[in-house]
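The values are calculated or read from the model by the stated rules, or taken from the named source; none is laboratory data. Computed from a predicted structure; not experimentally measured. Note: ideal-geometry Cβ built from the backbone for every residue, glycine included; neighbour counts use all protein chains shown. Just the protein is used for accessible areas: all its heavy atoms, side chains included, with ligands, DNA and RNA removed. Shrake-Rupley method; radii C 1.70, N 1.55, O 1.52, S 1.80 Å.
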Amino acid sequence: MKLVVNIARILVGVLFIFSGLVKAIDPLGLAYKMQEFFEVWASEGIMTGMMLWLNEQALMFSLVMITLEVVLGVALLLGWRTKMVSWLLLLLMLLFTFLTSYVLFSGKIRACGCFGD
């Protein structure tokens, strides 16, 4: 069982590092994609004030997300604070699952930008 857990830990760590590094190639592209989400949600009346503020902060937010993905992936590979890192990765996976589902079912956005453009 420990072998399966270690293999899963390595695969998830590498996936998040890869995803973060692909996004790091073009952080402005990720910021534009985030702005697209924020604009759509603001136009639908979903927390309009917050979405407009996030729209202005999209580049900073994209840099934080990229850094978080890579750092958490490395932390998972190294086995550093695995319980906390696992919870944070779960939250990121839920966020990306929501974004991907929103893209799929709403049809209002072309792609989620989960692995860059």
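Worth pointing out:
- Candidate set from the stretch 8-17 (those that are in contact (Cβ under 8 Å) with a residue 24 or more places away in the chain and of a type outside the set (G, A, S)); member that is least open to solvent (accessible area, probe 1.4 Å): F16
- Only one of the listed residues (V70, V74, V103) is at pLDDT 95 or above, out of contact with any Leu (no Cβ under 6 Å at 6 or more places or on another chain) and under 24 Å from Q35 (Cβ atoms). That residue is V70.
- Qualifying positions in the stretch 78-89 - open to solvent by less than 100 Å² (accessible area, probe 1.4 Å) and either within 17 Å of I7 (Cα to Cα) or of a type in the set (S, T, N, Q) (or both): G79, T82, V85, S86, L89
- Residues being in contact with a helix residue (DSSP H, G or I) (Cβ under 7 Å, 6 or more places away or on another chain), farther than 21 Å from F18 by Cβ and open to solvent by 60 Å² or more (accessible area, probe 1.4 Å) - total across the stretch 58-77: 1
- Unmet requirement for S106, which otherwise passes all of (1) of a type outside the set (A, V, I, L, M); (2) open to solvent by less than 20 Å² (accessible area, probe 1.4 Å); (3) more than 30 Å from V5 (Cβ to Cβ): (2)
- Some residue of the stretch 64-82 being outside any helix (DSSP H, G or I), within 30 Å of I10 (Cβ to Cβ) and charged (D, E, K, R): yes
- Positions within the stretch 26-57 being free of Cβ contacts under 8 Å to residues at least 24 places away in the same chain, open to solvent by 60 Å² or more (accessible area, probe 1.4 Å) and not in a helix (DSSP H, G or I), in sequence order: E44, I46, M47
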